[in-house]
Amino acid sequence: PQKTSFHRSQTLGYKNGFAFSRLPTVGIGGERLYVNQLSQAELDELSNMRPTLTYGQAKQAPPSGFIPAHVAFDKKILKFDAYFQEDVPLSAEEHYRIRQVAIYYYLEDDSMSVIEPVVQNSGLPQGKLVRRHRVPKNDRGDHYHWKDLNRGMNITMYGRTYRIVDCDPFTQVFLESQGIELNPPEKMVFDPYTELRRMPMRKYVTPSDFDQLKQFLTYDKQVLRFYAMCDDTDSMFGENRPYVIHYYLADDTVEVREVHQQNDGRDPFPILIKRQRLPKTFVDKKKTFPSCVLEISDQEVLEWYTAKDFAVGKSTTLLGRTFFIYDCDEFTRNFYHDKFGITDFQPVEIQKKPLEEVPQVIPPYNGFGVLEDSLQNCFSLLPKPPRKDIIKMLENHHKVLRYQLALESPNPEDRKRRFILSYFLSNDMISIYEPPVRNSGIIGGKYLGKTRVAKPGSTTENVKYYEPSDLTIGSTIEVFGHRFVITDADEYVLNYMESNAESFPAATLQSLRDHFRPRQVVKETANSDIPTLGTSKQELDELIVQVQDELKLHEHLNNKNIREAFLQCDEDGSGTMDKTKFLGLCDSLRVPTNAFLVNKLIDLCSRGEDKINYHDFLRAFPS
């Protein structure tokens, strides 16, 4: 009773920002505590365990029976009242539509369905909008649960958003029993167009004091005529065309007629705009109004075209097309003078705009057909064949220049191939023929048909073809990506160029003369009366010199290898060799034995019919 202090010591502490409890150091009022005193939590735990220590562990009650969900929630359905908004793009009376629906949630299997009540004469497919199933909630595979549903919220199913406004009493009791706080209910939104149809608005039309009958009787058969031009040259295929505008005073209608000329290439349709009242100013309307498919009524037009809207020297826009009025007839002038006091009717001179020249762009050559023939498709829809030089064809008929070609190729087998080039003077065309060679593995025949071959670097605008002046001995020509070297020519080529020396360069003619000079010397020698076996040493030396000059054109020959090959084949060292063995060795060494001078040298070196003195032949291949 004498105790006056009842203070309790602090047992709540903080360490590193965390709260923790600690045992008191002194008792109430600062009294001394024993060392082994238990905490309040330990004392509470011992008090709770006292019956267990006395009577033992209590027996657990048996678990309640399991009831599956389809039994516990059978015929238990949550109903929500909702609506969604739908756009109406092609209507002048409504821009959107409100459709009321009922969302049902089945508790037994967590499925949902959306039902729209049927409205008579709505013209919409109503009833079951979403069949009963588990509705996906997002792209991760989740589905809607009754915990996701509440009043005053939006729910999206398959791209359509529904606004939930209310629910039935059972749904409200169930959700509140599960601890869900429901939002306050909202008012159901009704379709404005449906409500408008239920209460039709009365319209009052004030009769006009304008007497249309008097206007008709006064101005019957009186028409104002204006001459106008419509300039449409800024658009594709546009032109500046004349028109006649008729304004009928009897009923304020306008008609636009075309002006046709003889052989203008147009169908005989005289009327561009039929006789009708033309609107000048429309009432403000929304962009969704489909004016292109509906007829224009008086309620949609603020002002119509009248006679005062037409004047000489001014432009008028009728149904989106601008007409420039440059003149009118005498009756129209008198009408405007008497009605409006206008006296200025000076006609405007119409000057035609000069046509803008569009540069013609020729596409690149695609490689098909002859260039001149393909070029005609760029000039006309019905192309005509290019004109031919008939005089040149008649003068050079059957005149052909022939050359021997060798193919330039990194492949050694292709370097052995020989071709015959024919140049036709009548039409400047070239054809290439490959003589077939037995056991060569290459099928001979026509290599290139008759065509004109352009030089490298030629363009469609500046085409340069090969001419006889470009075909010189030793020159290289390129034919569709293949390079050829001219190694020989026909004697007719030299004779033709000498007879027409003024038409060819001197370098081309001199190259042919230098090429044929050794042959002429050999022919003169062959035609002489000196027998072959008795040929003097001087003539043999001259022939060897000529053969050396001709073999200089064959850069692939290696004189050292040729001499070593002949010496190795002569095993006994007699200096002679069988003719068959000799010719086979020459072919393996790529010696041009078919050349005229080389063949003549082989005949001079022959010893009988089957032996050849190869020492005299090797003098043409100095080491």
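The values are calculated or read from the model by the stated rules, or taken from the named source; none is laboratory data. What you are looking at is a predicted structure, and each value in this text was computed from that prediction instead of being measured. Note that each Cβ is placed from the backbone with ideal geometry, even for glycine, and that neighbours are counted across all protein chains shown. Side chains are part of the model used for accessible areas, which takes the heavy atoms of the whole protein and leaves out ligands, DNA and RNA. Shrake-Rupley method; radii C 1.70, N 1.55, O 1.52, S 1.80 Å.
If you go through the range 351-376 and keep only what is open to solvent by 100 Å² or more (accessible area, probe 1.4 Å) and within 14 Å of THR460 (Cα to Cα), you end up with GLN360, VAL361, PRO364, ASN366, PHE368.
In contact with a helix residue (DSSP H, G or I) (Cβ under 7 Å, 6 or more places away or on another chain), at pLDDT 90 or above and either part of a loop (DSSP other than H, G, I, E, B) or not β-branched (Val, Ile, Thr) (or both) - does that describe any residue in the range 408-417? No: zero hits. Is it true that some residue in the range 421-431 is within 25 Å of THR460 (Cβ to Cβ), under 47 Å from the mean Cα position of the chain (by Cα) and exposed (fewer than 12 other Cβ atoms within 10 Å of the Cβ)? No, every residue in the range 421-431 fails to be within 25 Å of THR460 (Cβ to Cβ), under 47 Å from the mean Cα position of the chain (by Cα) and exposed (fewer than 12 other Cβ atoms within 10 Å of the Cβ). Could you tell me which residue of the range 304-321 is most open to solvent (accessible area, probe 1.4 Å), considering only residues that are β-branched (Val, Ile, Thr) and within 19 Å of ARG241 (Cα to Cα)? Once the filter is applied, the top-ranked residue is THR317. Against the numbered list (1) within 18 Å of ILE98 (Cα to Cα); (2) touching a Gly at 6+ places or on another chain (Cβ under 6 Å), ASN183 comes up short only at (1). Looking at (1) touching a residue at least 60 places away in the same chain (Cβ under 8 Å); (2) under 30 Å from GLN120 (Cβ atoms), find the lone condition where GLU195 falls short. Unmet condition: (1). Among the conditions (1) outside any loop (DSSP other than H, G, I, E, B); (2) open to solvent by 100 Å² or more (accessible area, probe 1.4 Å), PHE324 misses just one, which is (2). The condition (being open to solvent by less than 90 Å² (accessible area, probe 1.4 Å), among the aliphatic types (A, V, I, L, M) and at pLDDT 75 or above) is satisfied by just one residue among ILE530, ILE602: ILE602. Does VAL348 meet the test of being under 52 Å from the mean Cα position of the chain (by Cα) and open to solvent by less than 100 Å² (accessible area, probe 1.4 Å)? The answer is yes for VAL348.
Residues in the range 154-181 that are aliphatic (A, V, I, L, M) and surrounded by 15 or more Cβ atoms within 10 Å (Cβ to Cβ): ILE155, MET157, ILE164, VAL165, LEU175. Quick one: in the range 124-153, which of the residues that are open to solvent by 80 Å² or more (accessible area, probe 1.4 Å) and out of contact with any strand residue (DSSP E or B) (no Cβ under 8 Å at 6 or more places or on another chain) is nearest to PHE190 (Cα to Cα)? Filtering the range 124-153 for residues that are open to solvent by 80 Å² or more (accessible area, probe 1.4 Å) and out of contact with any strand residue (DSSP E or B) (no Cβ under 8 Å at 6 or more places or on another chain), the one nearest to PHE190 (Cα to Cα) comes out as PRO125. Taken over the range 103-145, residues that are closer than 21 Å to GLN178 by Cβ, hydrophobic (A, V, I, L, M, F, W, C) and part of a strand (DSSP E or B) amount to 2. Restricting attention to the range 185-225, the residues that are closer than 30 Å to ARG257 by Cα, open to solvent by less than 100 Å² (accessible area, probe 1.4 Å) and among the hydrophobic types (A, V, I, L, M, F, W, C) add up to 3.
Exactly one residue among LEU294, LEU302 is over 27 Å from LYS221 (Cβ atoms), among the aliphatic types (A, V, I, L, M), in a loop (DSSP other than H, G, I, E, B) and at pLDDT below 90, and that residue is LEU294. Between PHE335, PHE340, the distinction of being at pLDDT below 90, farther than 22 Å from ARG452 by Cβ and surrounded by 11 or more Cβ atoms within 10 Å (Cβ to Cβ) belongs to PHE340 only.
Restricting the range 1-25 to residues that are touching a strand residue (DSSP E or B) at 6+ places or on another chain (Cβ under 7 Å) and not charged (D, E, K, R), which is surrounded by the most Cβ atoms within 10 Å (Cβ to Cβ)? The residue in question is THR11. Of all residues in the range 502-510, none are of a type in the set (Phe, Trp, Tyr), in a helix (DSSP H, G or I) and modelled with pLDDT under 90. Within the option set VAL437, VAL463, being touching a strand residue (DSSP E or B) at 6+ places or on another chain (Cβ under 6 Å) and outside any strand (DSSP E or B) holds for one residue only, VAL463. With respect to TYR144, determine if the residue is within 30 Å of ARG266 (Cα to Cα), of a type in the set (Ser, Thr, Tyr) and touching a residue at least 12 places away in the same chain (Cβ under 8 Å). No. Given the criterion of a type in the set (S, T, N, Q) and closer than 23 Å to GLN351 by Cβ, identify the matching residue among THR253, THR306, THR317. The match here is THR317.
When the range 368-385 is filtered for residues that are over 11 Å from ASN427 (Cβ atoms) and part of a loop (DSSP other than H, G, I, E, B), the ones remaining, listed by number, are PHE368, GLY369, PHE379, SER380, LEU381, LEU382, PRO383, LYS384, PRO385. Residue pairs whose Cβ atoms lie under 9 Å apart, sitting 6 or more positions apart in sequence or on different chains, and linking a residue in the range 339-355 that is assigned by the TED database to the domain that holds LEU224 and at positive phi to a partner that is assigned to a loop (DSSP other than H, G, I, E, B) and polar (S, T, N, Q), do not occur here.
Which one of SER64, SER91 is outside the structural domain of ILE164 (by the TED database) and either of a type in the set (Ser, Thr, Tyr) or open to solvent by less than 50 Å² (accessible area, probe 1.4 Å) (or both)? Going through SER64, SER91 in turn, just one is outside the structural domain of ILE164 (by the TED database) and either of a type in the set (Ser, Thr, Tyr) or open to solvent by less than 50 Å² (accessible area, probe 1.4 Å) (or both): SER64.
In the range 70-86, what residues are in a helix (DSSP H, G or I), open to solvent by 50 Å² or more (accessible area, probe 1.4 Å) and either touching a Phe, Trp or Tyr at 6+ places or on another chain (Cβ under 9 Å) or closer than 30 Å to ARG163 by Cα (or both)? HIS70 - this is the single residue of the range 70-86 that is in a helix (DSSP H, G or I), open to solvent by 50 Å² or more (accessible area, probe 1.4 Å) and either touching a Phe, Trp or Tyr at 6+ places or on another chain (Cβ under 9 Å) or closer than 30 Å to ARG163 by Cα (or both). Taken together, LYS611, LYS579, LYS552, LYS560 contain a single residue that is at pLDDT below 70, open to solvent by 30 Å² or more (accessible area, probe 1.4 Å) and either closer than 26 Å to GLN404 by Cβ or outside the structural domain of ARG418 (by the TED database) (or both), which is LYS552. In the range 434-463, the residues that are closer than 22 Å to ILE477 by Cβ form Cβ pairs under 7 Å with partners that are open to solvent by 80 Å² or more (accessible area, probe 1.4 Å) and at pLDDT below 85, at six or more places apart or across chains, as follows: THR460/PRO364; THR460/TYR365.
Considered as a group, the residues in the range 193-247 that are of a type in the set (D, E, K, R), modelled with pLDDT of 85 or more and outside any loop (DSSP other than H, G, I, E, B) include one that is farthest from ASN334 (Cα to Cα), and that residue is GLU195.
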